[in-house]
1. Counting only C-alpha contacts under 8 Å and six or more residues apart, can you give the relative contact order of the chain as a whole percent?
2. Please report, in debye to the nearest 20, how large the charge dipole of the chain is about its Cα centre when each Lys and Arg carries +1 at its beta carbon and each Asp and Glu carries -1 there.
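Just so you know, all these numbers are worked out from the coordinates, no wet-lab data involved. This structure is a prediction, so every number in the text was calculated from the model and none was measured. Positions of Cβ are backbone-derived with ideal geometry, glycine not excepted, and every protein chain shown enters the neighbour counts.
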Amino acid sequence: MPLDVRLPISGLFVAVGLLLLGYGMFGEGLADPAGRLNSVWGGLMVSFGVILGYYGLRAERRLQNVSARDADQSI
């Protein structure tokens, strides 16, 4: 079964977003404007990665259901 491209890309967005979020919060601090900016963009990247992963998993489940239904009908 081929892997949906949304799953590895969502993992990449979540990982980079968490790094950026952590650096913005703990590295630069939220008192610094650059720290707040990094935290906001890190949070947006994490949320985008989670949404993309959700749709990727939903498509995988839908594909498995369709192939199982087709296998049952061919018997």
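1. 37 percent
2. Details: 6 positive and 6 negative charges, 33 e Å.
I would put it at about 160 debye.
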